Amino acid sequence: MGTQPSPAPPPLALVEAAKSFGMVKALQGVSLELRAGEIHALCGENGAGKSTLVKTIAGVHQPDEGHIEVDGQPTVFAGPADAQRAGVAVIYQEPTLFPDLSVAENIFIRRQPLGRGRRIDRSAMRAATNRLFARLGVHIDPDRPARGLSIADQQLVEIAKALSFDARVLIMDEPTAALSGIEVERLFAVARSLRDNGAAVLFISHRFDEVFALCDRITVMRDGRYISTEPTAELTVDAVVRSMVGRDVTALFPKQETDVGEVVLDVAGLTRTGVFSDVNFSVRSGEIVALAGLVGAGRSEVVRAIFGVDGYDAGTVRVGGTKLTAGRPAAAMAAGIALVPEDRRQQGLVMEMSVERNATLTRRWALSRFGLLWRRAEERAARTWTDRLQVKAGHLSDLVSTLSGGNQQKVVLAKWLATEPHVLIVDEPTRGIDVGTKAEVHRLLSELAGQGMAVLMVSSELPEVLGMADRVLVMHEGRISAELSRSQATEETVMYAATGQEQEGSAA
Amino acid sequence: MVPEVTTPADSTATAPSEPPRRGRALRSMLVSREGSIIGALVVSILAAAVFVDGFASGRNAGFLILDIAAIALIALPMTLVIITGEIDLSVASTLGLTSAVMGQLWVMGLPLETIVPLCVALGAVLGAVNGVLVTVVGLPSLAVTIGTMALYRGLAYVVLGDRAVADFPFSWTGGATAPVPGTSIPWIGVLILGLALAFGVLLHATPLGRSLYAIGNNAEATRFSGVSVRWTKLWLFVATGTVASLAGIFWTLQYGSARADNAFGLELSVVAAVLLGGVSIFGGTGALPGVLGGVLLLGTIRNALRLADVSSDTLSIVTGMLLVVSVVAPNLAARLRSRRKPTGPPGRR
Amino acid sequence: MSTPVTETPLEEHGGGDPRSSRRLRQARELGILLALVLLVVITTLVNPGFLSSQSIDDLLLGATLLTILAVGQTMVIVTRCVDLSVGSILGLSAFAVGTLFVSFPSLPIVLVALAGVLVGAACGLVNGTLVATARVPALVVTLGTLYVFRGIDHWWASGTQINAADMPEEFLGIGRTSLLGIPLPAVIAVAVVLGAGWYLGSYRSGRELYAIGSEPQAARLSGIPVDRRVLGAFIANGALAGLAGVLYAARFGTLDATVGTGLELEVVAAAVVGGVAIFGGSGTVYGAALGAVLLTTIGSALPILQVNAFWQQAVVGLLILVAIGMDRLLAVRTARRLRGGESSGA
Amino acid sequence: GCGGTTRGSAEDSGSSSGPTTEADPNATIPEGLAISFLPKQLNNPYFTYANSGGEEAVAELGGEYKEVGPSDANASSQVSYINTLSQQGSDVIVTAANDPSAVCGALQQAREAGSAIVTYDSDTDPECRDAFVNQASAEGLALVQVEMIAEQIGGEGEIAFLSATPNATNQNTWLELMEEELATPEYEGIEVVDTVYGNDDDQKSFQEMQGLMQTHPDLAGVVSPTTVGLAAAARYLSTSEYKGDVKLTGLGTPNQMREYVKDGTVEEFALWDPKNLGYLAAYTGAALAAGQITGEEGQTFEAGRLGEYEIGAEGEIVLGPPTVFNADNIDDYDF
Ligand SMILES: Nc1ncnc2c1ncn2[C@@H]1O[C@H](COP(=O)(O)OP(=O)(O)OP(=O)(O)O)[C@@H](O)[C@H]1O
Ligand SMILES: Nc1ncnc2c1ncn2[C@@H]1O[C@H](COP(=O)(O)OP(=O)(O)OP(=O)(O)O)[C@@H](O)[C@H]1O
Ligand SMILES: [Mg+2]
Ligand SMILES: [Mg+2]
């Protein structure tokens, strides 16, 4: 590392660390210094080893080689408790809450304020929780159970938990993936104030605007290796992307112009009491329609109802003119709908099954002969689509849980594209996906539309919405508040509609 | 439903605990878990044949098969149920209730030709009750079937009370245990083999079987893939009830005695055999050959030890140890492997 | 989405009722209490003798063992484990107590009782070690040790029986003396319930048991010593089963190798009826204790209500189904309320 | 010549042995007879004690004694053990049936394979065994219990039965006979108000007793024709307010009941000597295997220290009249 040494040894450093999982070398000779009073970004493609690095620093994994230094002293973290004692607080990529415990207890587990006789002092704990939420500018009832919190709220509780440590080192692995703009701003404000008070912060995100707005230095990783560390001021997005991918990335939103055909999907008066109501829209073949809105607007719920995994109370869904039975995903699939869900770990993939079986799960019946499944046919079918999407996996029989997030997302896409749908619904298709893969996904979507597929895309990323969609539907509190053509849709018009302000720009 | 009783250990410790190796997943699975059970079975059969007087005879083989018949029958659908992450503890009570109803109907003068189909239908209904409570109402199957275990056994007593009905015609009772002509293998053995084949093909080579594993691993993602998790589970419970009542009919004829307390406590033996056969209690893994191996292994060891005049206390200890060792050994082996090589199984220290 | 355009009202986050979970739990326990009261009232109306002091004593004594076992089982179930070997542990510990009295008639009673508890704790240690250290599913392990402990018990007893005459009068007296009008074993059971409830509710390590059952993976990431806690829960459960064995010996006086056979599912049923989630993470020992008392009361009320003895088991089965069904209903309603908090505007 | 004398010959002669052949009262009992005891449940103290008598007899006969059995009192587990014994070529199987019909098939197969079958304590269907050694005639037992309770409650009042399992063969027979006896004019003043089942489980019996007391406040006496039930009921009474007021009698062992007889909870109870039961069963088996008897009514044989016995109807052999135990004689017995 070529930067000049700081006067005091860094509070936390990783030295020449290596870590393998079976055949996968997740980390190889990676060194990283987190300095007091600095926000440090870590960038890299999916599977570059960022989360593994975080877990190594947090004591979840022990490095196979190399070691950790605390204040310059080599240290061994035998478990997360050791890291916590050394003042390291971590927000993991996947929320790690206890659904049955109250929000306050989730934040203070193992460190609950004690009263007389070492009993837990509940009122002190509640007060402390409220103070933390006030700092984050949110209000979540400290006494409610964590079960049922939206993903955004879960993430906020995680952040509050990390803050409560008053840690010397704060590590955030994609904390903003589920947050909306305002919450992100608040989080940044808090992170900056921590930095100004002398904490070392490590920030991981696939959103470059955030990285450049917040961080002082950027470290890039590729394929488990350390590539570079540079001050943010001396870098551009293109430069970072180039070192991440090892080559230049072509256009992020390769929108093709297509011929829009017949109406394929037609949704009328769709209502689910308390969640969304009177949702009307249609999608034509060859068209990409984006469903935009703030987190919690009910977009995922609408597409889940269309696909039939959730029921609905009123309204109709038609595909190619025929009405779909409510609440039956099999019927939706038969009619040619595919849904790539937003939560790939819970809804998209069977993590403990092989890549191959995940890829063919949607086509079990189509691939069977005389009611029996033959390995050969399965393997061929799986290979076709994983090859087309360039899934990086050691072997098709490897468990899908061993793939990186981005590659997992590709497997989900593969399993649905294999059904050759007429209507492809994608919910947050690029959440947590690196730039390279993101561009590929976008190219793929646009190519599919070009071939006449009707695409409905739920996305929280405005650039993606604006870059990809032929038409934008904006949802606010369970209703469609605006429908914008490609030319009408701008950041302003979409955000106005998303926040519920009536706009003259909304057209039928 | 997620599997209800899980260890606090990471999921990786319980799901396939070995790191995925190169090569065919199926083959490595056979080499590891089912293979070792079947290996243990072969070894114990050979050892018993050499060292235990009277083990290696056709007559004894017949006894052995009759001994494990009910367990083997119920273990087949139970395997599928456990693979989907559920469990059915009411099977022995279903068996008992079927037996009681069979006795009562016989006392009332119905011919057995009518009684048998009625009893099979009853089993399907009892299974459906479990299934509806689990899938439609959404209750955990462990709790539901503890409840119906008490309920069905109680109903059996309500139906038949403390009586025993034992005057079934010999043509039926004798027929139930009669051997296939020219051999000493009872007919029931052939029936079990046939059913095992059917269930095996269903589980391992059909789209339905594939979705059972998927459900056991992640029911939500499976539902998102267009599988009707509810219907699948519902039918599995119906199948389990049906087979349990078949076992009840067989049991009644085998012992020539319809009683409310027939097969009391059998559910734990069935679950033990299935788990010994390498099915994970959390669902998602396991194979039918392994389960058959597990059933036969338990039966063989008990049969051989009895012939060797080992007392029933020891039998009980051996059964328990076998179960514990069968789950502990692979885990310890994996740990030792990971200690030797720096590359450990995922997610564990 | 780096360009926040307008202020959104953040106050709307995570709406829902305050303290709804605790209220749910209380509603749950009140429900059982209500069922219990109803049962007692009806039975007393049918037969006033049901509330005589003798029969209340009998009832309390009868519920003692199941209550203590249910408390121990709750501690294990909240960590998402289960212990099916409790019946065998109870049998082993009871027989150990009897054997000690036979072999060393001069040993002080307290010491013998302690030995009984220790035998239970040792069994719990075996279970816990296998579950926590070897990382194997609790259901499988304890199903195995159910057979093993029972086998050891049989092998040890080998056909002998220990009778009341073999045990000191003062020891058997434990089952007969009463404190402030309440039988001593019942007092012990109440103390166990309160102690365990207090510990689980107000101490860090107690709350960590709930955390472990709620989300094991997260528990590890939070640095909770999961293995140690689970081991502890199993040892505590074993010790309580041992204590139950001691009380069994004192109360019933006749001991052989079959003591406690088949208790395990009844204990789990008591916990489940008492609202302890079989998935772990929620439920209280108070609920479990109420469940145990309710099941015992049903056992003694049905004969008095002239319900055919053959119906008893069926009624217990129905009750279990109703109890878990009610849990589910309450949970669904709470979930709806929690969700409704945010989108009620729609 | 009938019956196998050794394992090998037993197998060889196979189906030729059986009760149909002629009895030879003078046949000698061969050395080395394999006599196996299969109780309802292993490690049950009652059977352990009874079988010790069997062991004594087998030693006198110079045979090979063996005791096997399940640890749960199940007919199905018993069948496995019968099959095992038959496979081992046991010359004599002495068993107490958990279910009169469920073990029948297996016993008959064993018989075909050359084993002599003796039942003791609980019989099976008569056609499945060669002889049944009855601990006491059912009538004798019923009578003595009725006499005891009638005398204790002064010939008048409500009584109840606390039995074993609802389908225990012998208990049910006794209950039936006792009710018949109580229906005679002599016992006009006595009314049977209830019958409950403690399943031969100590705790359950205890609770059932307690239930009886609450349901029937005017209860004058309880008869428990099972050792487990009697001991549990006595223990309940000894510490309850009903002690002395409610009379208790039935069948029990002196060791279990000594305390309650001495503290006045129980005045009198009865039982046979189980040890003699096992002893007689062993001799009966040996006599069958040797061909001295075939199980026909009227045949006689020597049973060691117990003297000569004659086979009654349906192959039944009665041990003798039951013994009544009370404070005067209880210390003379130790079982
Ligand atoms: N527990 C594990 N077992 C096996 N392989 C693993 C495990 N955890 C991570 N890996 C592998 O290690 C590599 C690095 O993964 P990691 O999660 O660190 O990537 P990442 O940079 O965080 O990616 P993303 O941006 O998608 O979150 C990947 O190839 C992944 O498949
Ligand atoms: N896990 C959950 N449990 C209960 N309610 C939830 C949960 N997740 C979301 N909700 C509720 O469902 C509604 C819609 O939530 P959701 O956040 O999925 O909407 P969305 O528009 O799809 O947002 P996004 O997809 O960007 O996360 C909200 O009222 C939210 O509170
Ligand atoms: Mg990551
Ligand atoms: Mg969404």
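Structure notes:
- Qualifying residue in the stretch A:456-469 (condition: more than 16 Å from ligand 3 (Cβ to nearest atom), under 19 Å from A:Ser282 (Cβ atoms), more than 13 Å from every other protein chain (Cβ to nearest Cβ) and open to solvent by 10 Å² or more (accessible area, probe 1.4 Å)): no
- Only a single criterion out of (1) among the charged types (D, E, K, R); (2) within 12 Å of another protein chain (Cβ to nearest Cβ); (3) farther than 24 Å from D:Ser238 by Cα is not satisfied by C:Arg28, namely (2).
- Subset tally (residues that are of a type outside the set (Ser, Thr, Tyr) and away from ligand 2 (no atom under 16 Å from the Cβ)) for the stretch A:400-434: 20
- Near pairs, Cβ below 6 angstrom, 6+ apart or cross-chain, from the stretch C:113-134 (within 14 Å of C:Val148 (Cβ to Cβ)) to any residue that is open to solvent by 30 Å² or more (accessible area, probe 1.4 Å): C:Gly124/C:Ile235; C:Leu125/C:Ile235
- Residue selected from the stretch B:280-312 under the condition among the β-branched types (Val, Ile, Thr) and open to solvent by 10 Å² or more (accessible area, probe 1.4 Å), by the criterion nearest to B:Val43 (Cα to Cα): B:Ile301
- Taken over the stretch B:106-144, residues that are among the polar types (S, T, N, Q) and under 11 Å from B:Ser90 (Cβ atoms) amount to 2.
- Here is the figure for the stretch B:143-161: residues that are within 13 Å of chain D (Cβ to nearest Cβ) and without any contact (Cβ under 8 Å) to a residue 40 or more places away in the chain total 1.
- Cβ separations smaller than 7 Å between residues 6+ apart or across chains give the following pairs from the stretch D:309-327 residues that are open to solvent by 50 Å² or more (accessible area, probe 1.4 Å) to residues that are in a loop (DSSP other than H, G, I, E, B): D:Glu310/D:Gly298; D:Ala313/D:Glu297; D:Val318/D:Ala136; D:Val318/D:Ser137; D:Val318/D:Gly312; D:Pro321/D:Ala136.
- When we screen B:Gly278, B:Gly284, B:Gly290, B:Gly320 for residues that are within 30 Å of B:Thr222 (Cα to Cα) and within 12 Å of chain C (Cβ to nearest Cβ), the only hit is B:Gly278.
- Of the residues making up the stretch A:274-302, those that are surrounded by fewer than 24 Cβ atoms within 10 Å (Cβ to Cβ) and among the aliphatic types (A, V, I, L, M) are A:Val275, A:Val289, A:Leu294, A:Val295.
- Of all the residues in the stretch A:28-46, those that are surrounded by fewer than 24 Cβ atoms within 10 Å (Cβ to Cβ) and either within 13 Å of ligand 1 (Cβ to nearest atom) or among the acidic types (Asp, Glu) (or both) number 4.
- Among the residues of the stretch D:136-150, the one identified as in contact (Cβ under 8 Å) with a residue 40 or more places away in the chain and surrounded by fewer than 18 Cβ atoms within 10 Å (Cβ to Cβ) is D:Ser137.
- Yes/no for D:Glu268 being within 22 Å of C:Leu59 (Cα to Cα) and open to solvent by 20 Å² or more (accessible area, probe 1.4 Å): no
- The set of residues in the stretch A:290-339 that are within 16 Å of ligand 4 (Cβ to nearest atom), away from chain B (no Cβ under 14 Å) and over 16 Å from A:Ser277 (Cβ atoms) comprises A:Ala290, A:Ala292, A:Leu294, A:Val295.
- Matching entry among B:Phe63, B:Phe55 (being more than 15 Å from the chain's Cα centre (by Cα) and crowded, with 24+ Cβ neighbours inside 10 Å): B:Phe63
- Unmet requirement for C:Arg80, which otherwise passes all of (1) closer than 30 Å to A:Asp100 by Cβ; (2) open to solvent by less than 20 Å² (accessible area, probe 1.4 Å): (2)
- Whichever residue in the stretch A:40-81 is among the polar types (S, T, N, Q) and closer than 24 Å to A:Gln408 by Cβ and, among such residues, is nearest to ligand 3 (Cβ to nearest atom): A:Ser51
- Of residues in the stretch A:398-435 being open to solvent by 20 Å² or more (accessible area, probe 1.4 Å) and away from ligand 1 (no atom under 14 Å from the Cβ), the one nearest to the other protein chains (Cβ to nearest Cβ): A:Thr419
- Identity of the residue in the stretch A:287-341, of a type in the set (Gly, Ala, Ser) and within 13 Å of ligand 2 (Cβ to nearest atom), that ends up farthest from A:Gly261 (Cα to Cα): A:Gly296
- Filter result for the condition that a residue is within 29 Å of A:Arg111 (Cβ to Cβ), modelled with pLDDT of 90 or more and not in a loop (DSSP other than H, G, I, E, B), over C:Gly151, C:Gly124: C:Gly124
- Those helices (runs of 4 or more DSSP H) lying entirely in the stretch A:353-467 with at least 1 residues modelled with pLDDT of 90 or more, farther than 25 Å from A:Glu257 by Cα and within 25 Å of the chain's Cα centre (by Cα): A:355-360, A:405-417
- Members of the stretch D:77-121 found to be open to solvent by 20 Å² or more (accessible area, probe 1.4 Å) and of a type outside the set (A, V, I, L, M), listed by number: D:Ser77, D:Gln87, D:Gln88, D:Asn98, D:Pro100, D:Gly105, D:Gln108, D:Gln109, D:Arg111, D:Glu112
- Residue within the stretch D:23-44 that is crowded, with 19+ Cβ neighbours inside 10 Å, at pLDDT 85 or above, of a type outside the set (Asp, Glu) and in a helix (DSSP H, G or I) present: no
- Restricting the stretch A:65-115 to residues that are of a type in the set (S, T, N, Q) and outside any helix (DSSP H, G or I), the residue that is most open to solvent (accessible area, probe 1.4 Å): A:Gln73
- Across the stretch A:123-147, the number of residues qualifying as at the interface with chain C (Cβ under 9 Å from one of its Cβ atoms), open to solvent by 60 Å² or more (accessible area, probe 1.4 Å) and in contact (Cβ under 8 Å) with a residue 12 or more places away in the chain comes to 1.
The values are calculated or read from the model by the stated rules, or taken from the named source; none is laboratory data. What you are looking at is a predicted structure, and each value in this text was computed from that prediction instead of being measured. Note: ideal-geometry Cβ built from the backbone for every residue, glycine included; neighbour counts use all protein chains shown. Ligands, DNA and RNA are excluded from the accessible area calculation, which covers all protein heavy atoms including side chains. Shrake-Rupley method; radii C 1.70, N 1.55, O 1.52, S 1.80 Å.
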